[in-house]
Each structure stands twice: as C-alpha cells, then as structure tokens.
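In what follows, a single structure is set out as structure tokens and then discussed.
Taken together, the values in this text are just the output of simple stated rules run on the coordinates, not laboratory data. On a predicted model such as this, the values are computed, not experimentally measured, just so you know. All Cβ positions, glycine included, derive from the backbone under ideal geometry; neighbour counts span all protein chains shown.
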Amino acid sequence: MRYAETGYNLEIDLSKGSIERVPTDPKLTELHLGGLGTNARIIWDRVPPDVDPLSPDNILIFSTGLLCGTPAPGANRTIVSTISPQTLFMHFSMMGGFLAPELKYAGYDKVVIKGKSPSLVYLWINNDKVEIRDATHLHGKGALETAELIRQELGEPRAQVAAIGLAGENSVYFASIEHGRSSASRGGIGAVMGSKGLKAIAVRGTKDVHVAKPERFFELCNEVLKYIEFRAKNPIKGVPPILAGIGSPQEMAIHDEEWHTTSFAWGNARHRRKGFWTKEVEESWRRSQERAVQRLVSCYNCPMKCGAIISYPALGVSRYMMKCYSKLTYVMAAMADDLDFGFSIAGLAQEYGVDGYSTPQVMAFAVELYEAGILTDADLPGFPKDNKERFFYLLEKIVRREGIGDVLAKGVYWAAREIGKGAEAFDHNTIKRHEQIPIKLGMLNPIYFVMWATGEKANITQIEGQLPQAPFPTKELREDFVKDWIQVPTGKEERFKKFVLEWGDPGTEFPFYPPIDLICELVDWQETMHYIDDSTGICAGLSSFPLKPPYHIHNLPLIISAATGLEIDEDGLWEIARRNRTLVRAVNVRRGLRRKDEKPPEDHWKKRFPEYEAKILDEYYEYKGWNKEGIPKKETLERLELDFVAQDLVRRGILEGNGEGK
Amino acid sequence: MKPEKKKKIVKTIRIDVDKCNGCRACEVVCSAFHAAPKYGNNNPGRARIRVIHEPLKNIFLPVYAGEYTAAECMGRDKYIIDGKEYDECAFCRASCPSREAFKEPDSELPLKCDMCESDPPLEKPLCVQWCLNDALVYEEREEEVDEEEEKPEDAELAVEALIDKYGFDKVSDVLARIAAAKAASKKA
C-alpha cells in the first residue's frame, strides 16, 4: 500500500486523445517526495532543452503535494510545472484552493499533459472515469464563469475546476490558471495550457488517502493547529501588522497598508510615495474594503482566512475572490489613489486569467512608453487620458492580443526588445525575463541580493521567509523574538539568534554585514524551506513564508515520516530539498541558465557594489556546490544521487569531465 | 401509564454560518476519525458532515448527517435567505435516495453523525475541535425527557438500508450464507 500518495499518475496526450493511468515508482518518492520534486524529474526526463514552451512537446503537470489529501492543515497546494514561454526556463507556479486534495481523492498524484488538442477541450476526472470533453462552447468565457458552467453541465456541484480565461487561450505570456480563490499565475503557465487547447480541468474524487502511522500523524496535526492558535494570540511585536501574523499577508482582513504603499514602488516600479498613507487615505481605503469584502475565506483544510469574497455591485463587478497583494498591484502600478479601482480591475483580470503581479507592470510600462513618445497614438488609438481608464484599455488589448496588445502580451522584457526605439531602458524590473515585485531601495541588502539573483522561481516571496526583513528597533524586541524562536535549524540556533540580537547595533549596517558565510546559511535555510513546501503541498503561509510558522524543519520530518512510513530525519529532509532544488537548476542550466542571468535590476538598490556582489555570488555558488557559472558541479550531482544529470551535462559539454563548467 | 421522566444531556452543535470560512476541516477530520484504523484514511466523501460550499454565491453551510430514509420526499423546498437561494434539500440531514450526500461512496450505506462517540469520550466532537473559526461550537444542556426508546445502532441502520436496497429475502439469504460459511471455516 502507498501512503499519503496514491501511487498513480494520469498521463494525457491531447494530440492522440489518449488517457492512461500509470503506476509510479516509490523510489522516486524517497528521492524527491512529490509535488515539485517529482515534477522536476519528469521534466528533466521528458522535455529536451530545445523544446519550444508553446509547442505540443512541452509538458504541463498538475501535481498534488505529497501531503495533500491528508489531514495536515494547509496541505492543499497544486504545483503546476512546465517550461515558461516568458522565461524559457522551468516554472513552477502553485496555487492553494481545493483542486489537489480532490485529485488525490480521485486516485491520482499528478496529471501529466502533453500534445495539443485539435479543438478546445476540457478534462473531466471523476474517480476512475476520465474523459476529454468538448469545450468549444466555452471559448472566450471567463475563468470563473467557465468553472461554474462546467459544474452545471456535469451536474456536479462538488467538482473542483481550474480553468484559463481568454488570456490563456490567446497564449498571453503572463496568463494564469484560475481556481476559485486561488490561481497559479506566474510564468505564463496559462499560456501553455491554452497552447494545448485545454480550457479546464474538472475533478471529483471520493476515494481514500491513507497515512502510515495514523495516531502519530494525527497527534502531530493537532500540535500544528495548537501552534496556529498560539500565533493568532501572539502576533510578532515590532513588525508592521501585515507581517505580524501567519498565513499569506492578511490583506483582506487588514486595511492598514502603510507598509506596502510607502515601501513599494508605484507606476512602472518607479516612484516611492513615502507620505502617501494619510488619515484621509486610510479612512477611504477602510471604507472601500469594508464595502467590497463580503466574507473571509480559506483554502482546503486551513483555519486561516487569507482570501475574501469580493462583491461590489456599485462597481459593476461580478462576485469573485481575492487574496493578498493583488488588491494593491493594479492600484499602485496605475498610480491610482483609490482602492475601488483595485477591486474593480482585479475582478475583470481574474476572469480573463492574467497574473496580478506581471499584468499591472506591463501596463505601467506601456503607459511610460506612451508618455516618453516611444508608443504613439498610432500604436494606441483612442488611448484615454485617465490612467485608470488606460489600464482597462490596455487589459482588453493584451488579452485579445489586438494591435500593440499582441506585443505587450509577451511581457515587459520581450515587448521592450520588439518595440525597440529605446524601450529597453524602461525594462528595469525584470529578472530572467520575468516581472518582479516593484521594490526600489537605497542600500544594497546582501541577503536579498542573493535571493533575487538566484531564486529559480524568479519571485522573491517564493524564496524569502521566516527571517525578519529589517532589524528590530530595540534590544527588548530582539530578545523577545529569539526567546521562543523554535523554527531555526539544528546547529544554527546560536548563529541565527546572535544575528537577530545584534542586527541594528552600530557596525551591523549593510552591505558588509552580515558576513558572507552567514548570508549563505540564512539564504539557504529560507530557500530550502520553500522547496520542502513545494514538494509536500503545504502552504508557504503556514510554513516557509511568515515569521515563526507552525510548520518548520523540526516537525516536518516527523509529519512526513508518519504520513508516508518513510524514515526521514532533519538531515534527510534537507538533502531531499537540496536534490529537488539542484534538479530544477539542472533543467534550467540545460536550457541555458548561467551566471549572467542572475542579476537583480540595476536600479533595484541605489547603492551597488559590483565587486562585492560578485564575491557574495561566488561564495554562495560554492556553498551550494555549484561552479562559478552557477552550474551544479559533478561531485554535487553525484552526492545527491543525480549521476544521470551529471552524465547528461558532461555529454552536452556543459560540464567538463573534470567537473568544471563552461 | 405515564412514561418516567429522565434527565438527559442533549449534545448540540451550534452552527454559525457567518463564521464559516469554507475550509472543510470538519469534513476532513470527521472522515479520519471514523476511519478504520482510526485516522488511517481520509476521504471527505465518507464524512458525516458536509459543507455546502458555493463561494461565488457566498453560501457556506455545514450540515450534519442525520437519519437514514428509504424514500425521498414528495415535495422539495427552496429557501431564500438574505437574497441567497439554497438548493432544495440543502438543510436536510437525511441520508436519502435523492442524493449522494451522507452515504459511503462505495457501498452507499448510510452515514450518520454520532458526535464522535468513543471510549473514553472526547471532550467535544472533532469537527468542533478543528473549527478554529468557531463556526461550529459544542454545547451541552440538560433536559427532562420521557424515558427514551432504544436507538438503533449503526449496524442496524446499515442492515435496514441493505434491506431497502435488495429486499428482505435477499439480505437474509446472504446473512444465512455468510453465517454458514463462517461456521464451516471454524470447523475446518
């Protein structure tokens, strides 16, 4: 018997119209756990580096995490992996919601999709019965609308649906896959789904998911819940309210947005507005939020309430669900001062199925090009004067790929190069061809430098976490923080606690503090915790992301062991996460990723130290067992039981026989 | 003769639908608790509570499994509360032929909430314990009631459902055959 996982994947070839239920190798669970880890293995094995992301040969994997479907609170993430049309690297956008547990109950760990359907279809997975069904009548329908229509058509109100909107159908490079209150939005994975002619996946499952050591597992789950209650009553002192609790940032419940609106950049990642958050703004935003938010909601089996049902009839938006920072991304990119605009455009954008991070930035970039005379009225006929109206205008052009929208649909990096005439200079907030959170700061932060540069998800929130983002202002607050900081890895307690205790004292200023060896350890810890979550399907909001989360390196090995029957300790879990992380890097190295790609935007910090940055990167690569080009060394790969990767990289001449890279 | 009055603890779960965040932890933990071995498998399809969950209509309604019924109702009701239309049967607790709810997914045998009866007894049912948002709150009150008649047990309900499905003769034949086979295997 397989525990926690079902032991079966669904393999779908949309070109042939074939469906197979394939048993998986339990050895791969021992090596990679599941979720992202086993996805990376499938992509390594089956997608050669020359495959065009939008061609039938690319593979799109909807994976459950290893613990999805068990009672582990918050284990509900669907990990969608494919090669991104925008970054050209492997992308692994993830979403919460209800899809992954339902897929487990239907009897599958993953749905692996290749090929291209001759006409628009959707997939209906109902326990053992799996069908590819006609979706031509759903062409152009909104993502949420599609889910509702499919549930009605199937007569299955409990079916869970993930769907693309018009943007995905039209292969917009930042199209998302939407699933109720959640979306897998980064990297244009919705475009890959659209290129396969796949409008949606609907799932209903009523089978059992087993755990190996039931009593023990249940006891550990109860401890997690107790800690969640403890953290609800004990917010972290001395940090902004948005960072004090757990879950993803509680932006649906909390209206105080001083931290985001004054610390992050507005427009095309351009302007800081330090005095923005006045009493009047606060009052207007509070009213707006109270009108819009009908109920706070959660994902499957999670007591948090990170999402909200938004209904705002006065704005003419139909009901939808929202979470986290998407409330602000459009507002800030459009330099709009009112939150109502955010609530109205985000609803529309979700039906079209576009990423709430990239989309506003692409539009702000277009507005800047227009103001600079690089785009003209010929490119943007009838372009409105008002910025908010301009955003609605651009959204329509982009998702329909009309006129200049066809170019903008490729994202800032590609659009800048296609438009030319100096547009490249306006592309100042992408890494690895991917739009980043708009933050422009003063002094180089060496910890964040490493994370921005090397994060394979090219998204800071998916590598950072658990570590205070700024020093605590007083000794008392620092001492208070470290006194019950149980989440720190074994052997690092003294060093990490000392860091928090002394950070803020004279002599602990960036960029030459903390010492590079400590930077490496801090970054590696933060990233590793994310890679564990990405394989278990536990939400980062309860684990790798917030300060003092209920899941951490000490209880995760126990939970995974009790669920699966494998015997995994702290070191063993760390090793698996390192293997998965290295394999993702290897996939991308084979697709051309090198040191030159690992560059935060030039103006990300005003004060830069090129030589010192190079030194940090050298040491971090070394710490990770990578060579100067950021390529995993032969010995590293062999130690991680990835010999086949080493052999492939040597055969391709990417690594030399002696392990040196090119 | 008048029946004797007797003190009885009435176990109640107060359901505050406004506090429900739709996470379905109640379904998860219910199915785990009632699994064999206990907590050994998980399947909300087997849960004795079900959250009617239609987020885009803002409908979040936990409903507990109640009595088994062999026949569906003649008429169906629809409720409209605060402008929200609840599907027919939404509030009904019955395990009933008209719908899939509150039946074992494989055998279709009826399920019924037993307030997590166990030995030693739990402080409160697990669905309540796992509802950190207090949409489900456990309450006990004492009532004077008539001497109650014996309540049918799970097994009795299950057999009754089998009789409804296959007919009395068929079920008793099967039982007799199983009894004979068991006796034979014991002898051997």
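How large is the dipole of segment A:248-435 about the Cα centre if only Lys and Arg carry +1 and Asp and Glu carry -1, each at its Cβ, rounded to the nearest 20 debye?
My answer is approximately 420 debye.
Residues in segment A:279-294 carry Karplus couplings, in order, of 4, 5, 4, 4, 5, 5, 5, 5, 4, 4, 5, 5, 5, 7, 7, 8 Hz; the curve used is 6.51 cos²θ - 1.76 cosθ + 1.60 with θ = phi - 60°, and Gly or Pro positions show x. Remark: C-alpha extents of segment B:5-149 on the principal axes read 41, 39, 33 Å, sorted largest to smallest. Between the residues A:Pro446, A:Ile404, A:Ile374, the greatest Cα displacement towards the positive end of the dipole of segment A:368-462, with unit charges on the Cβ of Lys, Arg, Asp and Glu, is found for A:Pro446. When only Cα pairs below 8 angstrom with a gap of at least 6 residues are kept, segment A:115-266 shows a relative contact order of 20 percent. Hull volume per residue, based on the alpha-carbon atoms of segment A:8-204 and their convex hull, is 102 Å³.
The Cα atoms of segment A:522-662 cover 43, 42, 21 Å along the three principal axes, with the biggest extent listed first.
Skipping prolines and chain starts, which residues have an amide H placed within reach, meaning under 5 Å, of the one on A:Arg295, given they are 5 or more residues away or on another chain? Distant-sequence amide H within range of A:Arg295: A:Ile309.
For the protein assembly as shown, the calculated P(r) over all alpha carbon pairs, in 10 Å bins from 0 to the bin holding the longest distance, is 2, 12, 22, 26, 20, 10, 5, 2, 1, 0, 0 percent. Around the amide H of B:Val51, modelled in the peptide plane, lie the amide H atoms of B:Val63, all under 5 Å away and 5 or more residues distant in sequence or on another chain. For A:Ser117, the residues whose amide H sits under 5 Å from its own are A:Gly197, ignoring neighbours fewer than 5 places away on the same chain, with H placed 1.01 Å from N.
Kirkwood Rh, Cα Rg: Rg to Rh for segment A:74-139?
1.00
What relative contact order, as a whole-number percentage, does segment A:248-435 give when Cα pairs under 8 Å and 6 or more residues apart are counted?
For segment A:248-435, the relative contact order is 16 percent.
Note on the protein assembly as shown: helix-only mean residue ellipticity at 222 nm, from DSSP H runs of 4+ residues weighted -39500 (n - 2.57) and normalised by residue number, equals -11000 deg cm²/dmol. Neighbours of A:Glu527, meaning other residues whose beta-carbon lies under 15 angstrom from its beta-carbon, give a summed charge of -1 when Lys and Arg score +1 and Asp and Glu score -1.
Other residues whose C-beta falls under 13 angstrom from the C-beta of A:Lys432 contribute a net charge of +4, scoring Lys and Arg +1 and Asp and Glu -1.
Taking every lysine pair in segment B:5-149 that is 8 or more places apart or spans two chains, those with Cα atoms closer than 18 Å amount to 11. Residue by residue, segment A:9-22 carries 3J(HN,Hα) couplings of 10, 9, 10, 10, 10, 6, 5, 8, x, 9, 10, 10, 9, 10 Hz when phi is fed to the Karplus relation 6.51 cos²θ - 1.76 cosθ + 1.60 (θ = phi - 60°); x denotes Gly or Pro. When the protein assembly as shown is described by a simple charge dipole with +1 on each Lys and Arg Cβ and -1 on each Asp and Glu Cβ, the residue from A:Leu642, A:Tyr320, A:Leu88 located farthest towards its positive end is A:Leu88. Do you know the relative contact order of chain A, to the nearest whole percent, from alpha carbon pairs under 8 angstrom that are 6+ apart? With pairs under 8 Å counted, the relative contact order is 15 percent. Neighbours of B:Tyr79 by Cβ distance under 10 Å: Lys/Arg scored +1, Asp/Glu scored -1, total -2. Charged side chains reduced to their Cβ positions (Lys and Arg at +1, Asp and Glu at -1) give chain A a dipole of some 560 debye around its Cα centre. If one computes P(r) from the Cα atoms of segment A:248-435, what percent of pairs lie at distances over 27 Å? Pairs farther apart than 27 Å: 29 percent.
Here the Karplus curve 6.51 cos²θ - 1.76 cosθ + 1.60, taken at θ = phi - 60°, turns the phi angles of segment A:38-54 into couplings of 6, 4, 4, 5, 5, 5, 4, 5, 10, 10, x, x, 8, 6, 6, x, 9 Hz, with x standing for Gly and Pro. Under 21 Å between alpha carbons, and skipping anything fewer than 8 positions from A:Lys483 in its own chain: which lysines qualify? Output for A:Lys483: A:Lys226, A:Lys233, A:Lys237, A:Lys475, A:Lys492, A:Lys497, A:Lys498, A:Lys548. Cβ crowding within 10 Å ranks A:Glu598, A:Glu456 as A:Glu598, A:Glu456, fewest other Cβ atoms first.
Angle of helix B:154-166 to the longest C-alpha principal axis of chain B, folded into 0 to 90 degrees and rounded to 10: 80°. Taking 18 Å as the straight-line reach from the Cα of A:Lys388, the lysines in range (excluding those fewer than 8 positions away in the same chain) are A:Lys327, A:Lys397. Straight-line cross-link reach from A:Lys196 at under 15 Å between alpha-carbon atoms covers these aspartates and glutamates, not counting any fewer than eight positions away in the same chain: A:Glu11, A:Asp13, A:Asp52, A:Asp57, A:Asp134, A:Glu169. About the centre of its Cα atoms, segment B:5-149 shows a dipole size close to 340 debye [charges on the beta carbon of Lys, Arg (+1) and Asp, Glu (-1) only; nearest 20 debye].
DSSP beta bridges confined to chain A are antiparallel in about 80 percent of cases.
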